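Here's the structure, in structure tokens; my notes come after.
Every number in this text was worked out from the coordinates using simple rules, so none of it is lab data. The structure presented is a predicted model; accordingly, all values stated were derived computationally and were not measured. Here the Cβ positions follow ideal geometry from the backbone for every residue, glycine too, while neighbour counts run over all protein chains shown.
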Amino acid sequence: MIGYYVHHQGRGHLHRAQCIAAHVPGEVTVLSSLSRPSGWPGPWVSLSADTALEPLDPTARGRLHWVPLHHPGHRERMGAIADWIRREEPRLFVSDVSVEAAALARLMGVPVVVAAMRGDRQDEAHRLGYDLADALLAPWPDSLPEPGWPAHWLAKTLHTGSISRYDGRPRPASRPSGASSAKEVVVMLGAGGTDLDAERLREAAAATPDWRWTVLGGPEGSWIEDPWPVLCRARVVVTHAGQNAIAECAAARVPTLVIPQDRPHGEQHATARALRASGLATVRDTWPQPPVWPGLLEETAARPDRWAQWSPGDGARRAAELLARLSSPTSRRDACAPR
């Protein structure tokens, strides 16, 4: 039995869990405050929400990320995780992603795998979570490591490359493997929140009359549960630098313009720097002004496809193999391994 904590922000954490669990030979139980998706085949533990408008000391004086004092939802949430661990005695616990959930599992004597994230993770809480983990899952290639990581983190990290629900999925039959004849730009904003307003989208579209704009998510876009056909027919995709968004663009092998958004610890800007340095995508740090858009879309459309470096297609399988190995009854760990 493997427990898998899934964070509620956006849908990327859930998609990654579903991809990995599909390759795990044993049972995987998800613990999350997200609603159980219709296609999830295993057990699901629903957790209470623990948001608070005026939280009291939510970081425990900077040592953790979210432990608000005297909050019933938080207490119920952590209690539910502890009760499940006590009852089911899992062989392994995956945190994607919560330092507090990872620490709780380890305090209860369960080995822990933590899903790593880019950006500055040298704060006290992240250092605790990454230090106590038996292994770190990094959904980016080892050829583009996150700079500044200590050696003991790197020594236990599996760089899987990106993990997408579309890995290995064939393209729609209606679209040839080459560029689409239609000049369509798809803006993919997702469910994790955006700082882009509708007016800037309209200005960009007005400045590029030769292009047809399709907006997914965000303030005025449509929500599509399966955007794969839309991604595959696009000449260019414009998106933020969230892990899941980049993974889906990479799986589709579509030319991509990445505009990172502000997130805690500079996560998206760190991902954007890696993509720019490797030439995998066109990157702009801020939303471009209208006159820039015509040339920028043409530049991006002409970019050669190098996405295989980021998206080898077997990331979920490799992650599942690690989980299966660590959860095996024959798995051994040195009690006093060098740190």
query: Counting Lys and Arg as +1 and Asp and Glu as -1, each charge on the Cβ, what is the dipole of the chain about the Cα centre in debye, to the nearest 20?
result: 840
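Grab the eigenvalues of the alpha-carbon gyration tensor for region 184-309, scale each by 5, take roots, and send me the semi-axes largest first in whole angstrom. Please report the intermediate quantities before stating the final value.
Details: eigenvalues 70, 56, 48 Å².
The equivalent ellipsoid of region 184-309 has semi-axes of 19, 17, 16 Å.
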- request: Working from the alpha-carbon coordinates of the chain, get Rg over Rh, Rh being the Kirkwood radius.
  value: 0.98
message: As a test of understanding, state the convex hull volume per residue of region 95-184 from its alpha carbons, in Å³.
response: 153
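Give the calculated FRET efficiency between residue 60 and residue 308 to the nearest 0.05, with a Förster radius of 45 Å applied to their Cβ-Cβ distance. Walk me through the intermediate numbers first.
Values: r = 43 Å, r/R0 = 0.95.
Rounded to the nearest 0.05, the efficiency is 0.55.
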message: At most 14 other C-beta atoms within 10 Å and a DSSP loop state: those are the exposed GluC sites (Glu not before Pro) I care about. Give me the longest piece of the chain that has none.
response: 28-219
- request: Compute the acute angle (0 to 90°) between the alpha-carbon long axis of helix 315-326 and the principal axis of greatest extent of the alpha-carbon atoms of the chain; round to the nearest 10°.
  value: 10
task: Tell me the label-point distance for the pair residue 36, residue 80, using the 7 Å Cα-to-Cβ offset, in nm and rounded to one decimal.
output: 1.2
field: Label-point gap, in nm, between residue 155 and residue 22 - each point 7 angstrom along Cα→Cβ
entry: 3.6
task: Output the relative contact order of region 184-309, whole-number percent, from Cα pairs under 8 angstrom with separation of 6+ residues.
output: 25
query: If you project the alpha carbons of region 39-102 onto their three principal axes, what span does each projection cover, largest first, in Å?
result: 37, 23, 20
- prompt: What value, in deg cm²/dmol to 500, does the helix sum -39500 (n - 2.57) over DSSP H runs of n ≥ 4 give at 222 nm once divided by the residues of the chain?
  reply: -9000 deg cm²/dmol
